[in-house]
Structures are given as C-alpha cells and as structure tokens.
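The values are calculated or read from the model by the stated rules, or taken from the named source; none is laboratory data. Quick caveat: nothing in here was measured; it's all calculated off a predicted structure. Neighbour counts are summed over all protein chains in view; Cβ atoms, including those assigned to glycine, are modelled from backbone coordinates with ideal geometry. We work out accessible area using only protein heavy atoms, side chains counted, and drop any ligands, DNA or RNA first. Shrake-Rupley method; radii C 1.70, N 1.55, O 1.52, S 1.80 Å.
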Amino acid sequence: MKKIFVLLILISSGYLPHHNFFAQQTDARWGEMVRESRRSEILNYIGQDATGYYVLKGSRGSKVKVINFRRNFLSETDNASIVLLDENMDPAFEKKLDVMESGKQLSILSAFLIGDEMHLFSSLRDQKTKMKNIFVQSLDKKTLEPRNDIRKVTSIPYQNRFLSGQVDFTFSRDSSFIMVYTNVQSKRKDPDKFGFTVFNREMEQVWSKEVVLPIRENLFKVSDYLVDNKGNAYLVGKRYFKKERDRIQGQPGYEYIVYAYRNEGSEVSEYVLNLSDHFLSDLHLEIAPEGDLICAGFYSDINATNAKGTFYFTVDANTQEIKQRSLYEFGLDFLTLNLSDRQGKKIERRAAKGKGNEINQFDIRDLVPRGDGGTVLVAEQYYVRVVTSFDRATGTSTIRYYYHYNDIVVISINPNGDIEWATKVPKRQTSVNDRGYYSSYAMMITGGKLYFVYNDHRTNIMERRTSRLKNFRLSDNKGIIALAAVDSNGDVSRIPLLSNRDATTICRPKLCSQISPDEMLIFGKRGRRIQFGRVVFE
C-alpha cells in the first residue's frame, strides 16, 4: 500500500544554499517506550486530528504477506487495536477492535482517516463458498467503536490461509479516491483475474469492475497498480513472450503493458511500452492532470536488472502514441560518484575502450511530481543473496538469506523530459534472514528538498566512498538514524538525526511516514519494546 495520508508537497524550483541544508530541522525526538508482545506490529498510520495521531496495531503472524516491494506489508490480523498518540508521541489511549458480522469475528486489514471520518477494512473467510469477503465500515472517533454501517465491497476466492487471492489499498495522489485492488490466484495456464473497486473521499463506491486479461497467468507479472485523481484505475506489468524469461536470444523477452480503465471502468485501453533493442529494466507510472501517461525508469543493454541510463516517456492517453521520449545515459561523473579512486579508474578504462558501464539491482521506489511540471525519480539498490552451507559432521545444510539495501539514486527530469542531474546518497545496509526489517529508508518532501531517513553507522556520515562504509549495527551504541538531504541542484548532505544511545528501540524506516507538510512520524521496535517519535521541520 502506498504511503498515504501524506499531504503531497510538490518539489519546487527554490532551494536553500548548501550550508543551510538542515536549517529547517527544529526537532527530532522519541516518545515514551512501552512494552508489547514480541508479535506486536504497527500495521499502518491512520491519520491525525486535533486529538492526536492514530495508528493501527496488530500481531505479526503467518497471515502477514509481502505482495509488492513498492508497497508496505499487506496485513491481516485477528488481534488489532487502534492506538492514539498525544503531541509527545506517547500512547494516550488504546482501543481493541472487536468487529463482528453474522456472529463471526472479522480479521482486520487496514484503517484510514479521510477528512473527519475514520474507516476500517476487514475480511471474513466463508468456508462453505471458499470465498474471502472484504468489508468496510466507519468508526466513531470519540469511542473508536465500529458503527453499524458495515457493508461488503468485494470477494476473492479462498483455499486456505496460505493460498488465497491478494487484497491491497491505494490512494490517488490527491487522496480524493481510494481503490481496493484484488488479484485472484489462478491455475498456471488460466488468464489473470483482477478486481478494482473505487471509492470517493466519502467512502461512497464510485465503480467496481472485475477484469480477466487475455494473457495466460504465467506470461504476465504485475509490477504496480494505481488510481488517478479522476478515479481511473491502471494496471502495470510485464508481458512475457515465452514463459517467464527476461532474455530470448540476447534480446528482451518481455514488454511492459499498461492497462487503463477509465470512465468508471467502461473504457479499456492497452499501452505497450518498449525501447526496441533495449531492456526496460524498471518502470514507474504516473498520470498527468490531462490524463496522459508519464513513464520513467531504467534501461539496459545487458539484462533486466542492470541500468545503463534513464528513460522518460509521455504517452498520449487517446492516440496511445509516444508524445515525448528521452534517454539519458549515465555519465562518468555519476558512475564514479562515491567510488574509490581504484574503482573509478576501472570504470574510466572500460569507457575508454568503448565498453559499457552499467549499475545494477536498483529498484524504483517513487516518481515524485515537481511543482514546475517535471519529475524526480527515486530508486534504491536492493538484492537478496542466498548462501548455502553444508555441515559434513551432521549432514545438514543451512541456508542464509542476505538482504542488501544500499545506495539511493535521485534523478531530476525537467518538464521537457530532459535529465537535469543524477546523484546518489551513499548507504550500506546488510542483514540476515530478516527481510530487511530495519533496512531501507523513509522519504520526506518539504522546503524544495527530498529528505531520507535511514539507519546507519555513525562514522559513515563523513564518508562518501561506498567501499569504506560500515554496515549499520543494531547491537551497539554506534548506530544512528541518519538524515540525508538532496536539494534542487542535486547536492547531497547528511547529518546524524538521532543516536541509538537516545532510544531503547531501533527505527523501522519502512513504517515511518510523512504525516503533514512539516512532520514525519517515526517508529522503533526492539524485542518487546516499541516507541513512536516525530521529526518536525519549520
């Protein structure tokens, strides 16, 4: 689920001078530490009002899934509550959610605060029909009790708790529409089936549609889905030519497809996106105010995980023709940025011999609209390394999964589609068998800059060479929460935001959220201890 309830602050053309990068930061602090069950998890930030800040809390278990890395955890819990935080980010009140339908306990999916109304999504499995029914209802904000206005919004097939369809929620950029997305798991040779149910801010259903794609299930892989500011739905994915193969005889074995469902789902358009002999190694979609498609991402000459440069398309919504197209090949200044002299010279020698240089394993996290009509692309290096070891004495094998979350790449694209600059925020995060629980970053947009909050080693703040970065540690007091800023010229600066010495928990950036134009909510957890905090900019 996209980070919502954020008042989107478009990046403006103004910026502060380099020496004033962090002049806006006025306060960063943790609230009171509380003890919870080890299985306790924060599911999502609900919203805020004059009373305080609301968050949804549940229990971690086998029903918590990751359906798409660009989105947060899709969570379903039978033991959920709403926590109200005061202005100091201390828990002031907690209400356990007991939601019933037809005498049966519902599982909680998510909760949202839209305007002055709080809404709750829940689910119930019907063993007779083998369907999972999705419900929505409002909550009384004063008592946090569910109101008697529950209604079913959609259903998906259900086989067992490990094998069922997927459900997710996403908001339009201006939060005027919310879409419930469902993906029905089908047999290998059956076509993909999807569902879209779109609501307005008053949680009135605007339209609903079930979609069956004319593509076999194993030849289409969903990468994203979104709803625009007019309530239109979009589905983005890779269509493979033969099985799920990225390469066929050295050429791309796939193409990106965008399906658009406009006019309350009655008008369906298909957009095919490719770059002839280049691999589109990643693609992100946004919708322009007039309805045209804005596509940006990475392309490669080698494979589907590398990046030789950045591409930018605008596609006419009516004619499906590409109106604007630009390619930007990464230059030596960018490729050698934050590398050691030895590494940099190696890249320069390859370039002098006419050999290509590409970065690898970067995933696009966001495409942020700028105030002047341009965009900013944000990506992070992410990959998983699997190491298997064999113990001859016992005859057993051990598998370890190493999760790597490294540099952040920021690329600025002007309104004409030309690349103005590309830069990196140096970062190294490696963890084992935890799915990167404390890794990655949270992003804040304010004052014409992008800010990134992430866990780091304190000695890395003054080090720009990635080869000399130390991995962030959870076990000692040398860990910090780092704050990096990127201004409108692509200049990068970093400072320590908070030290691990000042907290009894470790920050979880994936659950941190920008909650207003000048505030970010941060969340920490360690064992049974949890903690909320806030970063305030002025």
Worksheet entry | The listed residue being open to solvent by 70 Å² or more (accessible area, probe 1.4 Å) and either under 27 Å from Thr305 (Cα atoms) or in contact with a helix residue (DSSP H, G or I) (Cβ under 8 Å, 6 or more places away or on another chain) (or both), out of Lys243, Lys238 | Lys243
Practice prompt. State yes or no: is Asn232 open to solvent by less than 60 Å² (accessible area, probe 1.4 Å) and either touching a residue at least 24 places away in the same chain (Cβ under 8 Å) or over 25 Å from the mean Cα position of the chain (by Cα) (or both)?
Written response: yes
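Considering Ser110, Ser138, which residue is over 26 Å from the mean Cα position of the chain (by Cα), under 18 Å from Gln48 (Cα atoms) and open to solvent by less than 30 Å² (accessible area, probe 1.4 Å)?
When all the criteria are applied, what remains is Ser138.
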Fill in: Among residues of the stretch 267-283, those that are within 22 Å of the chain's Cα centre (by Cα) and open to solvent by 10 Å² or more (accessible area, probe 1.4 Å), counted
2
Discussion item. The conditions are (1) modelled with pLDDT of 90 or more; (2) charged (D, E, K, R); (3) open to solvent by less than 40 Å² (accessible area, probe 1.4 Å), and Asp86 fails exactly one of them. Which is it?
Written reply: (3)
Worksheet entry | Members of the stretch 315-367 that are open to solvent by less than 60 Å² (accessible area, probe 1.4 Å) and in a helix (DSSP H, G or I) | Phe334, Leu335, Gly344, Ile347, Ala351
Practice prompt. Would you be able to say whether some residue in the stretch 248-260 is under 21 Å from Phe169 (Cβ atoms), in a loop (DSSP other than H, G, I, E, B) and not aliphatic (A, V, I, L, M)?
Written response: no
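Working carefully through the options Lys132, Lys128, find the one that is open to solvent by less than 20 Å² (accessible area, probe 1.4 Å), at pLDDT below 90 and more than 20 Å from Leu226 (Cβ to Cβ). Even if it seems obvious, please write down each step before you answer.
Numbers: Lys128 fails: open to solvent by less than 20 Å² (accessible area, probe 1.4 Å).
One residue alone meets the criteria, Lys132.
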Fill in: Residue under evaluation Lys221, criteria (1) touching a residue at least 24 places away in the same chain (Cβ under 8 Å); (2) under 22 Å from the mean Cα position of the chain (by Cα), criterion not met
(1)
Item to complete: Being surrounded by fewer than 19 Cβ atoms within 10 Å (Cβ to Cβ) and within 28 Å of the chain's Cα centre (by Cα) is the filter here, so list the residues in the stretch 142-154 that pass it.
Response: Lys152, Val153
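For the stretch 501-513, check the following and say yes or no: at least one residue is closer than 21 Å to Ile445 by Cβ, open to solvent by less than 20 Å² (accessible area, probe 1.4 Å) and part of a strand (DSSP E or B).
Scanning the stretch 501-513 turns up at least one residue that is closer than 21 Å to Ile445 by Cβ, open to solvent by less than 20 Å² (accessible area, probe 1.4 Å) and part of a strand (DSSP E or B).
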Discussion item. Considering only residues that are more than 24 Å from Ala482 (Cβ to Cβ), surrounded by fewer than 17 Cβ atoms within 10 Å (Cβ to Cβ) and either in contact with a His (Cβ under 6 Å, 6 or more places away or on another chain) or touching a residue at least 24 places away in the same chain (Cβ under 8 Å) (or both), which ones fall in the stretch 368-413?
Written reply: Gly371, Asp372, Gly373, Arg400, Tyr401
Practice prompt. Kindly check whether there is at least one residue in the stretch 292-311 that is open to solvent by 10 Å² or more (accessible area, probe 1.4 Å), over 25 Å from Phe334 (Cα atoms) and in a strand (DSSP E or B).
Written response: no
Worksheet entry | The listed residue being in a strand (DSSP E or B) and either open to solvent by 20 Å² or more (accessible area, probe 1.4 Å) or at pLDDT 90 or above (or both), out of Ser493, Ser488, Ser475 | Ser493
Response to the item:
By residue number, the members of the stretch 500-538 that are within 17 Å of Gly448 (Cα to Cα) and not β-branched (Val, Ile, Thr) are Gln514, Ser516, Pro517, Asp518, Glu519, Met520, Phe537, Glu538
